[in-house]
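These notes are about the structure you will find just below.
The values are calculated or read from the model by the stated rules, or taken from the named source; none is laboratory data. All figures in this text were calculated on a predicted structure; none of them were measured in a lab. Here Cβ is always computed from backbone atoms with ideal geometry, including for glycine, and neighbour counts include all displayed protein chains. For the accessible areas, the whole protein counts, side chains as well, though only heavy atoms, and no ligand, DNA or RNA atoms are used. Shrake-Rupley method; radii C 1.70, N 1.55, O 1.52, S 1.80 Å.
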Amino acid sequence: MALNIVITDDHPMIAEGLKNMLSLPGIAITGIFSSARLLLEGIRSVSADLLLLDLHLPDMNGRELLPIFKAAHPDIPVLVVTSVDDPYEVLHMMQQGCKGYVLKTISAPLLLTAIETVHRGDTYIDPALKEKLDHIIYTENARDLQKVHLTKRETEVLQLLSQGFSNADIGKKLFLSRRTIESHRNALYEKFGVKNVGILIKKAIQLKYI
């Protein structure tokens, strides 16, 4: 069975270019719409397994359209195809429910990869944006972690863990039971979003807690 794809873009040259690029065995372009209104009206009368969506439409932008579309058609994955190369826009659109985000400069093979990835339920980000996005996510996570408040005891436990002491040794140094030390350690894991001592220490050093 063919993969039925709908294109929404108000530039005829772009829409036609996408259609020609995807004129391949196993793919059918079942609809091309030039506005949000036409998409929302027309999608009901065509077969659609995936939507290629531009962010800038004459009557509504992608930020406004995506939640409306997903509320009405939650089973149709959305791949944004745009010229907007702002990684913060990628984050926002992913939060709104799109499964992929690529630039209009993407090559045909990578576009096909993106379509296949999104159709099977996974996420795809244009390689041209991936590094910027990863940096922002790391920075935002670091900023959030830096807002975390550690108690005096948690700070003491963290310092001793970084020096290689075991829970039992830390308990002896702080005159606390091993179970209490384990409780403080687990609290540190939760606050730093980690699952073992090695990663805990690495993050703590990166964020200057140690």
Residue hits (the stretch 1-17; open to solvent by 20 Å² or more (accessible area, probe 1.4 Å) and either in contact with a helix residue (DSSP H, G or I) (Cβ under 6 Å, 6 or more places away or on another chain) or not charged (D, E, K, R) (or both)) are MET1, ALA2, LEU3, ASN4, HIS11, PRO12, MET13, ILE14, GLY17
Quick one: which residue in LEU91, LEU66, LEU53 is modelled with pLDDT under 95, out of contact with any Leu (no Cβ under 6 Å at 6 or more places or on another chain) and open to solvent by less than 30 Å² (accessible area, probe 1.4 Å)?
LEU66
Can you name the number of the only condition in (1) touching a strand residue (DSSP E or B) at 6+ places or on another chain (Cβ under 9 Å); (2) in a helix (DSSP H, G or I) that VAL102 fails?
(2)
Here the residues within the stretch 32-46 that are open to solvent by 70 Å² or more (accessible area, probe 1.4 Å) and over 21 Å from GLY17 (Cα atoms) are ARG37, GLU41, ARG44, SER45
